[in-house]
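The values are calculated or read from the model by the stated rules, or taken from the named source; none is laboratory data. Source: prediction; values computed, not measured. Neighbour counts run over all protein chains shown; Cβ positions are idealised from the backbone, glycine included.
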Amino acid sequence: FKRNLTKVIAKYYKDPTKVYNVDETGLCTNKLPTRTYASANALSRGGFKQPKTRVSLLLGGNMAGEKLKPVVIGKAKRPRAFGNMQISSLPVYYEAQSNA
């Protein structure tokens, strides 16, 4: 399969720096583990909800092996964890989720 795929790509795309693969994934940041030492009674009492804080990640690279700078999409425009750090100096692109 790999040999056939490279032949097809070589036929249509002469420059391997122009063939990209990009994928999105999610990361739950505050979720508790499914196996915990908390008792079943403590977890099943009323009002207990698992936090669903999530960020989306976009990762990619091209056929020549160059990696793209990751894109992180979060909820906060300026997360507290960044402190006084400049967002532009991070090794990722950070975007706040728009509620449009």
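For the reader, a short list of remarks on this structure follows.
- Qualifying positions in the stretch 58-92 - without any contact (Cβ under 8 Å) to a residue 24 or more places away in the chain, assigned to a loop (DSSP other than H, G, I, E, B) and closer than 30 Å to THR6 by Cβ: GLY65, PRO70
- Residue identified as modelled with pLDDT under 80 and exposed (fewer than 10 other Cβ atoms within 10 Å of the Cβ) among LYS2, LYS31, LYS49, LYS67: LYS49
- Selection count where residues are under 26 Å from ASN21 (Cβ atoms) and not polar (S, T, N, Q), scope the stretch 50-95: 25
- A count restricted to the stretch 71-100 and to residues that are of a type in the set (S, T, N, Q) and within 15 Å of the chain's Cα centre (by Cα) stands at 1.
- Scanning the stretch 1-26 for residues that are polar (S, T, N, Q) and either part of a loop (DSSP other than H, G, I, E, B) or touching a residue at least 24 places away in the same chain (Cβ under 8 Å) (or both) returns THR17, ASN21, THR25.
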